[in-house]
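Colleague: Can you read through this structure? Questions will come right after.
We did not get these values from a lab; they are worked out from the coordinates using the rules stated. Not measured: the values here are computed from a predicted model. Here Cβ is always computed from backbone atoms with ideal geometry, including for glycine, and neighbour counts include all displayed protein chains.
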Amino acid sequence: MEPLVDFLQNTLDGIALGASYALLALGFTLIFGVLRRANLSYGPAIMLGLYVATWAHLHFAHGLAVLFLIALASTVLAGAYVERLCFAPHRGGSAVAAMVASFALWMQLEEIATLALPRHLYEFPALYDGPALSLGPLAVRPEALVMLAAAITVAAALWAILHRTRFGTAVRALIDAPRAAALCGIHAGAVSIQVFALASAIGAIAGFLIVASHAQVTPMLGMWSTLKGMLAMMLGGLGSLPGAVIGGLALGLIEAHSQWYLGPQFRDFVAYLLLFALLALRPPWMSTRSAS
Amino acid sequence: MLSVRDLVTAYGKIEALRGVSLDVAQGSITCLLGPNGAGKTTLMMTLAGILKPRRGRVEFSGRRLDGVAPHRIVASGIALVPENRLVFPNMTVLENLHAGAYQRRGGIEHDIERLFGRFPRLKERAAQPAGTLSGGEQQMLAVARALMSRPSLLLMDEPSLGLAPLVVEEIFKIIAELHRDGATIFLVEQNAHMALKVAQHFYLMEQGRITFSGDPGSLAEDEVIRRAYLGTAR
């Protein structure tokens, strides 16, 4: 019985962790799918948004709902700033130039956050600070359920936006065939900044729930969010939104299980090893859909 | 209606268009012939705003359009059916049509119904991803998608490319029907036999320049063109 309980508990923890990765990956993938550009400043924009919320919390703001709205608004602004500075000037130009520019902004955003709040760690109001719920022999943290519910809700809302709105038609057309989209009169520049705003909003939801679950925030949130979002996207097949959710959940499960069975030092190692194997073997689902 | 003067478009140092001048009259079907690599697709891409010309003018209904962004060119009433169709493969036929109507607000459903009347095969496949359609069906979808923007000038880049003869005939039947309904069409075509049946004016492009301009009669009389494009000697 014991090994089975361990396995189920790890699976449960992995799904909860994977739900946060899935959210991060949805935002990252949205930008990558539309622009074919890796936005390294994706995580740092989220980090900056959460730092603004933390700063507001230290000075005047109270209540999780207020802090969430502050984090959301400032992440979206930071995301739009990244788009205008790094991606708008390089549209149709060099992908590497845009990526390097987004790396430079990563440094800038991190500097801004750490200049304003120089300590390495700040407390953040906890989403929930009671005991875990017990499900027979298994323990479930309520904030994990919130994370899972948020991931499902965001994925469903994103699906509806992409499939039921004029904006969604433009986004999917740009993902499918950018040149044909231009010929249909879809203005990539106008859609791009909206995509950044939407992706940043999703990232802010993810970042807020992660920070509030841990009841703390550090500058590492930026790099961590970019890495987990990118890794989950790659595991899910580069640029597909359902793949981002699957990749996020897979990454969570891999981390939870390898941490338990192999030890915490193997937690990231196994995920990267798997990514390496996937990149080397290139299974059929692991390919960018043709851009033309 | 469309007037092109001394248009030069280059890829780096290589000039693909080396001073192209031509006119498309309102209500006409004008056809551009020419060998592979002559610059026909470059011209279409430049007219649609995808490529920026280095020099020259494009005027459409009195407005300068050279160097203007593609979405503004669509807004001014020009739509291009691109070479190789370029449908949105992962979107349904219906969604492809909606993408074509991106800049419009009203009357979209009505136009879709009308186009389904003209292209009954697309109606049958409305909910299918466009990537699963046959080549001929994709070509019809590309034409229908371009028509969704209600263009006053339709540009078509080799609509018969890679299609079976029967399908090509169907495409040209549609081109003739569109023309009868008042459309102005500027067509790139290698299939001169088919083009001769519908077009009123021909241009020949070779190595980035216009080397012939005339009506179907003078085209058929030109010995060089006869051999190269109609495959018949006198």
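Colleague: Using Cα pairs closer than 8 Å and at least 6 residues apart in sequence, work out the relative contact order for chain A, in percent. Don't jump to the answer; show the numbers that get you there.
Modeller: Values: 462 pairs, mean separation 107.7, N = 292.
This gives 37 percent for chain A.
Colleague: Tell me, how many Å apart are the Cα centres for the stretch A:112-139 and for the stretch B:112-163?
Modeller: If we compute the Cα centre of each part, the gap is 55 Å.
Colleague: Run the helix sum for chain A: -39,500 (n - 2.57) per DSSP H stretch of 4+ residues, divided by residue count, reported at 222 nm to the nearest 500 deg cm²/dmol.
Modeller: Values: 11 runs with 213 residues, N = 292.
Only helices count here, giving -25000 deg cm²/dmol.
Colleague: To continue, here is another question. Which FRET efficiency value, to the nearest 0.05, do you get for B:Ser218 and A:Arg36 by plugging their Cβ-Cβ distance into 1/(1 + (r/R0)^6) with R0 = 51 Å?
Modeller: Values: r = 47 Å, r/R0 = 0.93.
The formula returns an efficiency of 0.60 here.
Colleague: Just want the ordering: B:Asp222, B:Asp66, from fewest to most Cβ atoms lying within 10 Å of their own Cβ.
Modeller: Arranged by neighbour count, lowest to highest, B:Asp222, B:Asp66 become B:Asp222, B:Asp66.
Colleague: Which ordering of B:Lys52, B:Lys13, A:Lys228 is given by a fewest-first count of other beta-carbon atoms within 10 Å? Please report the intermediate quantities before stating the final value.
Modeller: Numbers: B:Lys52 13, B:Lys13 5, A:Lys228 26.
Starting with the residue having the fewest Cβ neighbours, the order is B:Lys13, B:Lys52, A:Lys228.
Colleague: Could you give the spread of the C-alpha atoms of the stretch A:1-126 along their three principal axes, from largest to smallest, in whole angstroms?
Modeller: 59, 39, 24
Colleague: Under a crude label model (7 Å from the Cα following the beta-carbon direction), how far is B:Leu161 from A:Val100 in nanometres?
Modeller: Each label point lies 7 Å from its Cα, and together they span 3.4 nm.
Colleague: Now for a different question. If I model a spin label at A:Leu69 and B:Gln190 as a point 7 Å from the Cα along the Cα→Cβ vector, what separation in nanometres do I get?
Modeller: 6.2
Colleague: What does the C-alpha gyration tensor say about the overall shape of the stretch A:199-292? Classify as rounded when a/c is under 1.5, otherwise prolate if a/b is larger than b/c, or oblate.
Modeller: On the way: a/c = 2.33, a/b = 1.21, b/c = 1.93.
Since a/c reaches 1.5 but b/c is at least a/b, the shape of the stretch A:199-292 is classed as oblate.
Colleague: Show me, for the stretch B:88-93, the HN-Hα J-couplings you get by feeding each phi into the Karplus relation (A = 6.51, B = -1.76, C = 1.60, θ = phi - 60°), rounded to Hz, glycine and proline as x.
Modeller: My calculation for the stretch B:88-93 gives 8, x, 8, 9, 6, 4 Hz in order.
Colleague: What is the list of residues in the stretch A:233-254 whose amide nitrogen lies under 19 Å from a point 7 angstrom out from the Cα of A:Leu135, following Cα to Cβ?
Modeller: Counting backbone N atoms under 19 Å from the label point, the list is A:246, A:248-254.
Colleague: Rounded to the nearest 500 deg cm²/dmol, what is the calculated helix-only ellipticity per residue at 222 nm for chain B, with -39500 (n - 2.57) per DSSP H run of length n ≥ 4? Spell out each step's value before the answer.
Modeller: Working: 9 runs with 80 residues, N = 234.
It lands at -9500 deg cm²/dmol.
Colleague: Determine the relative contact order of the stretch A:15-167: mean sequence separation of Cα pairs under 8 Å and six or more apart, normalised by residue count, in whole percent. Present the calculation step by step, with values, prior to reporting the outcome.
Modeller: Values: 119 pairs, mean separation 47.1, N = 153.
The normalised contact order for the stretch A:15-167 reaches 31 percent.
Colleague: Which whole number in µm²/s is D for the protein assembly as shown by Stokes-Einstein, with the Kirkwood Rh taken over Cα pairs at 10 °C and 1.306 mPa s?
Modeller: Values: Rh = 25.8 Å.
The Stokes-Einstein estimate is 62 µm²/s.
Colleague: Hey, fewest Cβ within 10 Å first, where do B:Thr30, B:Thr46, B:Thr211 land in order? Can you show the working numbers first?
Modeller: Working: B:Thr30 22, B:Thr46 26, B:Thr211 14.
The most exposed by this proxy come first: B:Thr211, B:Thr30, B:Thr46.
Colleague: So which DSSP H runs in chain A come out at 30 Å plus along the axis (Cα) with average Kyte-Doolittle of at least -0.5? Spell out each step's value before the answer.
Modeller: Numbers: long enough: A:2-35 (48 Å, 1.26); A:95-116 (32 Å, 1.39); A:142-164 (32 Å, 1.50); A:188-214 (38 Å, 1.77); A:241-262 (31 Å, 0.96).
Helices meeting the criterion: A:2-35, A:95-116, A:142-164, A:188-214, A:241-262.
Colleague: Given points 7 Å out from each Cα along the Cα-Cβ axis, report the A:Leu121 to A:Arg166 separation in nanometres with one decimal.
Modeller: In this crude label model, A:Leu121 to A:Arg166 measures out at 5.1 nm.
Colleague: What's the Kirkwood radius of chain A in Å, using all Cα pairs?
Modeller: On the way: mean 1/r = 0.0513 Å⁻¹.
About 19.5 Å, per the Kirkwood formula over Cα pairs.
Colleague: Sticking with this structure for a sec: Under a straight-distance cross-link criterion of Cα-Cα below 16 Å, which aspartates and glutamates are reachable from B:Lys197, leaving out those fewer than 8 residues away in the same chain?
Modeller: Qualifying aspartates and glutamates at Cα under 16 Å: B:Glu158, B:Glu169, B:Glu170, B:Glu177, B:Glu189, B:Asp215, B:Glu221.
Colleague: Can I ask one more? Can you work out the Karplus-derived ³J(HN,Hα) for every residue in the stretch B:147-161? Use 6.51 cos²θ - 1.76 cosθ + 1.60 with θ = phi - 60°, whole Hz, and x for glycine or proline.
Modeller: Result, rounded to whole Hz: 5, 4, 7, 6, x, 8, 10, 9, 9, 10, 9, 6, x, 8, 4.
Colleague: On a straight-distance basis, which lysines could pair with B:Lys52 in a cross-link, Cα separation under 18 angstrom, same-chain partners fewer than 8 positions away excluded?
Modeller: B:Lys13, B:Lys40
Colleague: Here is a follow-up. At a Förster radius of 41 Å, what calculated FRET efficiency corresponds to the Cβ-Cβ distance of B:Ala75 and A:Ile112, to the nearest 0.05? The partial results should precede the final answer.
Modeller: Working: r = 40 Å, r/R0 = 0.97.
It comes out at approximately 0.55.
Colleague: For the stretch B:172-234 and the stretch A:167-203, what is the separation of their Cα centres, given in Å?
Modeller: The two parts, judged by their Cα centres, are 38 Å apart.
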